[in-house]
Amino acid sequence: MLVFAGLGNPGAKYQNNRHNVGFMAADAIARRHSFSPWSKKFQGLISEGSLGGEKVLLIKPQTFMNLSGQSVGEALRFYKLDAAALTVFYDEIDLAAGKVRVKVGGGSGGHNGIRSLDQHVGNAYRRVRIGVGHPGVKEMVHGHVLGDFAKADREWLDVLLDAIADDAGLLAKGDDSSFMNRITLALRDKLVPTGDDDRPPPKAPKAQSHIRQARPQQPAAKVPESGPMAAMLKKLFGGKD
């Protein structure tokens, strides 16, 4: 059995926050794969189903973000599972909006929900980090993550959540690389930038002056080889007889 946890804060006030993108991912998976209706257990909301041939428990902790580890830890202990059975979906400000990275283990990166999980279950679990972008300065981070996604963000967010739901079975199988590749391709197909290409944009072609545009270059006139004109040119510039 596996546990997939989406992190966020409970309540309508927070449901569209960037900080709640983990909840959104869990909801998308439950809908796409016809999981059971959400019910209350382990200080959270749970839904059961299967992915990639594995039985999966989805959980959305209702303890508020800073205490996420209490809820998830309770579920793991109940089923006698260790951290290796856990996959966590959460927002990451150090990734460009729309970019997704998966890793096992690591630090909290200043994320309070991850810090709580590390305290309760250790850090050897899979992390699905969903980029929500950085506001630019540290003082604006709190307002950024607790702010709602902008209307324009829905263009990439809806595609991203659909792709996470479609390919969640790859995570259940432990195929993290294929999962990330599928997400990237799904976004690229919709012409959504993912931040993967850091090359500068190509330079625009040099604009022609208005004079050159008005007077396109004419083909060179053909020099006559015989007749009076040819004879005159030979006198001026010389030429072989």
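Kindly indicate whether any position in the stretch 126-134 is outside any loop (DSSP other than H, G, I, E, B), free of Cβ contacts under 8 Å to residues at least 24 places away in the same chain and either crowded, with 18+ Cβ neighbours inside 10 Å or of a type outside the set (Gly, Ala, Ser) (or both).
No: zero hits.
Here's a check for you: in the stretch 1-23, which residue that is small (Gly, Ala, Ser) and under 21 Å from the mean Cα position of the chain (by Cα) is surrounded by the most Cβ atoms within 10 Å (Cβ to Cβ)?
Residue satisfying both the conditions and the ranking: 5.
Would you confirm whether any residue within the stretch 187-200 is touching a Leu at 6+ places or on another chain (Cβ under 6 Å), surrounded by 15 or more Cβ atoms within 10 Å (Cβ to Cβ) and either closer than 30 Å to residue 32 by Cα or at pLDDT 50 or above (or both)?
Yes, the stretch 187-200 contains a residue that is touching a Leu at 6+ places or on another chain (Cβ under 6 Å), surrounded by 15 or more Cβ atoms within 10 Å (Cβ to Cβ) and either closer than 30 Å to residue 32 by Cα or at pLDDT 50 or above (or both).
Among the residues in the stretch 70-77, are any within 25 Å of the chain's Cα centre (by Cα) and not in a helix (DSSP H, G or I)?
no
Which is among the small types (Gly, Ala, Ser) and at pLDDT below 95, of 98, 113, 147, 169?
Result of the check over 98, 113, 147, 169: 98.
Looking at residue 227 and the list (1) farther than 20 Å from residue 7 by Cα; (2) modelled with pLDDT of 95 or more; (3) not hydrophobic (A, V, I, L, M, F, W, C), which single condition is not satisfied?
Result: residue 227 fails condition (2) only.
For residue 44, only one of the following conditions fails: (1) within 17 Å of residue 118 (Cα to Cα); (2) in contact (Cβ under 8 Å) with a residue 24 or more places away in the chain; (3) more than 23 Å from the chain's Cα centre (by Cα). What is its number?
(1)
Considering only residues that are touching a helix residue (DSSP H, G or I) at 6+ places or on another chain (Cβ under 7 Å) and among the hydrophobic types (A, V, I, L, M, F, W, C), look in the stretch 98-115 and name the one that is farthest from residue 51 (Cα to Cα).
Applying the filter and picking the extreme gives 100.
Assigned to a strand (DSSP E or B), over 20 Å from residue 156 (Cα atoms), in contact with a helix residue (DSSP H, G or I) (Cβ under 7 Å, 6 or more places away or on another chain) and of a type outside the set (S, T, N, Q) - does that describe any residue in the stretch 20-41?
no
Would you pick out the residues in the stretch 139-157 that are loosely packed, with under 15 Cβ neighbours inside 10 Å and either of a type outside the set (Asp, Glu) or in a helix (DSSP H, G or I) (or both)?
Of everything in the stretch 139-157, those that are loosely packed, with under 15 Cβ neighbours inside 10 Å and either of a type outside the set (Asp, Glu) or in a helix (DSSP H, G or I) (or both) turn out to be 139, 140, 141, 142, 143, 150, 151, 152, 154, 155.
The values are calculated or read from the model by the stated rules, or taken from the named source; none is laboratory data. Note that the coordinates shown come from a computational prediction; the quantities given were computed from them, not determined experimentally. FYI the Cβ positions are ideal-geometry reconstructions off the backbone, even for glycines, and counts take in every protein chain you see.
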